[in-house]
1. Quick check on the stretch B:238-259: of everything there that is closer than 11 Å to residue B:213 by Cβ and buried (at least 16 other Cβ atoms within 10 Å of the Cβ), which residue is nearest to the chain's Cα centre (by Cα)?
2. Out of A:76, A:147, report the one residue that is under 27 Å from residue B:178 (Cβ atoms), surrounded by 10 or more Cβ atoms within 10 Å (Cβ to Cβ), out of contact with any Ser or Thr (no Cβ under 7 Å at 6 or more places or on another chain) and at pLDDT 70 or above.
3. Which ones in the stretch B:192-228 are assigned to a loop (DSSP other than H, G, I, E, B) and among the charged types (D, E, K, R)?
4. For a quick check of your reading of the model, give me the residue pairs whose first member lies in the stretch B:217-233 and is assigned by TED's automatic domain parsing to the domain that holds residue B:271, whose second is of a type in the set (Ser, Thr, Tyr), with beta-carbon atoms closer than 6 Å and at least 6 apart or on different chains.
5. What are the residues in the stretch A:60-71 that are surrounded by fewer than 21 Cβ atoms within 10 Å (Cβ to Cβ) and more than 19 Å from residue A:131 (Cβ to Cβ), if any?
6. For residue B:280, all conditions in the list (1) within 30 Å of residue B:19 (Cα to Cα); (2) outside any strand (DSSP E or B) hold save one; what is the number of the exception?
7. Could you please find all residues in the stretch B:192-207 being in contact with a helix residue (DSSP H, G or I) (Cβ under 7 Å, 6 or more places away or on another chain) and crowded, with 18+ Cβ neighbours inside 10 Å?
8. What single numbered condition from (1) within 14 Å of chain A (Cβ to nearest Cβ); (2) closer than 29 Å to residue B:171 by Cβ fails to hold for residue B:256?
Amino acid sequence: MKRDNLVKQIADYIIIHKERYYRLAYSYVRNVDDALDVVQDSIYKALSSVDSLKDPDHINPWFYRIVINCSLDLLRKQKKVVTVDDEFLKNCNLKVVDKYTDIDLHRALDSLPENCRSIIILRYFEDMKLDEIAEILNENISTIKSRLYKSLEALEIKMEA
Amino acid sequence: MKNNNIEQLKKEYMDIPIPEELDLVVENALKNSMIYTKKRKNRYYKTSVTAAAALMAFTVLINTSPVFAETLSAVPIMKNVIKVLTFREYIVKENTYNAEMKVPSIEGLNNKTLESSLNKKYIEENKKLYEEFLANMESLKKNNSGQLGVNSGYVVKTDTDTILSIGRYVVNTVGSSSTTFKYDTIDKKNEVLISLPSLFKDESYINIISDNIKKQMVEQYEADKNKFYWVLGIEQKSTIKPFEKISKDQNFYINTENKLVISFNKYDVAPGYMGIVEFTIPTEIISNILVSTEYIK
């Protein structure tokens with residue numbers, strides 16, 4: 001069946017490029033466990049909404065978009081404040097926390113808004129064409145271009161300072 | 001200067017270490033979602049007998065309007081039509097909000113009390129799920145944000161001459177996803193519902209089975225470091241309480257080889273990437289306390 005084929009095609013694609021998807025997720029959520037969660041959720045989401053893939057030739061941008069959305073969702077969720085009672089806090093070993101690597105790249109990229117960050121990653125790290133980026137981020141190409149130049153300017157200043 | 005920066009940034013990006021678990025996570029996620037998509041396909045196969053669209057409208061009507069359903073069963077010719085519908089479903093598709101719920105329905109049991117009590121339970125479970133979904137969707141809509149997905153359905157785990165095990169699953173997607181499974185096992189000959197305590201002479205099964213599961217967890221981890229469980233005997237990095245013992249009415253089913261299988265939901269005893277975990281209990285260790293060897297051999 002056509003749908004079966006498509007699902008298989010998507011699965012193959014994910015298996016081949018899993019490391020790229022993981023890196024992309026990691027560049028957003030910045031820790032191993034969360035990045036793995038994002039990859040997992042993206043797969044669930046992708047395969048449960050195969051119908052939203054309009055053109056089978058566009059699996060890659062389609063899945064990139066899902067990964068980015070899942071990453072942003074997770075970040076958004078983490079921003080929410082969770083209240084816990086004292087008892088719980090006492091029982092927590094506060095020394096055990098997820099390890100976040102802190103290097104210049106992250107600091108420089110961090111200072112960019114999310115939509116600009118995605119563009120830099122996709123354009124320079126994943127070597128994508130501007131029109132592909134436009135498709136992934138659901139923006140028109142000139143918006144992407146102007147954001148890209150703005151981000152580069154911002155980055156240059158940040159890196160030199 | 002600019003290019004240098006970008007090159008350096010790229011190098012750092014490409015140097016992001018890939019954890020060993022990635023393979024397993026991807027593999028499991030693909031495997032699990034394949035099961036669900038397959039199930040969905042079957043639905044269309046079954047319904048394609050009649051015009052699918054008409055049937056869909058039909059189902060929604062039956063689900064939403066009890067009056068309509070009753071009217072149908074009152075008309076003699078239509079009575080059979082309702083019997084053909086071995087499922088009921090709720091579908092919501094609105095931008096980022098998706099719900100697909102499929103309700104199993106058991107038919108053909110002579111023990112009508114059991115049949116209707118099970119079917120009623122399935123319908124109520126899904127109705128509750130559906131109402132919760134609608135409520136959540138409304139509140140998210142007010143904030144003009146969010147993504148919400150619910151997907152529920154069922155799998156027939158075992159269908160032999162004596163045993164019928166049905167698993168119902170619910171996949172909740174709110175940012176990340178969670179999956180829960182619930183099982184019912186029916187003795188087809190005597191037409192009774194089998195509960196976990198009813199299989200054993202006394203409550204010693206809780207400890208015997210728990211100990212075996214803990215042993216299996218450690219063994220699996222020793223063999224493959226990716227198979228991580230929250231259990232004593234495996235070095236823990238988090239403060240999550242380790243698994244102690246199964247509950248009296250732990251989720252279980254009996255597989256086609258007549259073995260008892262204990263099932264845990266996602267996050268119950270292991271990190272999310274492990275998904276739903278199941279343990280097959282060797283019959284030797286429980287044979288002494290089994291009431292009979294009719295179901296489990």
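1. Initial filter on the stretch B:238-259 (closer than 11 Å to residue B:213 by Cβ): B:243-246, B:250.
Subsequent filtering for residues that are buried (at least 16 other Cβ atoms within 10 Å of the Cβ) retains B:243, B:246, B:250.
Details: B:243: 21, B:246: 18, B:250: 14 Å.
My answer is B:250.
2. On the way: A:147 fails: under 27 Å from residue B:178 (Cβ atoms).
None of the others qualify; the one that does is A:76.
3. B:201, B:202, B:203, B:224, B:225, B:227, listed by residue number.
4. B:217/B:229; B:227/B:221
5. A:69
6. Unmet condition: (2).
7. Listed by number, the list holds a single entry, B:205.
8. In the conditions (1) within 14 Å of chain A (Cβ to nearest Cβ); (2) closer than 29 Å to residue B:171 by Cβ, residue B:256 misses (1) alone.
The values are calculated or read from the model by the stated rules, or taken from the named source; none is laboratory data. Keep in mind the model is a prediction, meaning the values are calculated, not measured. Positions of Cβ are backbone-derived with ideal geometry, glycine not excepted, and every protein chain shown enters the neighbour counts.
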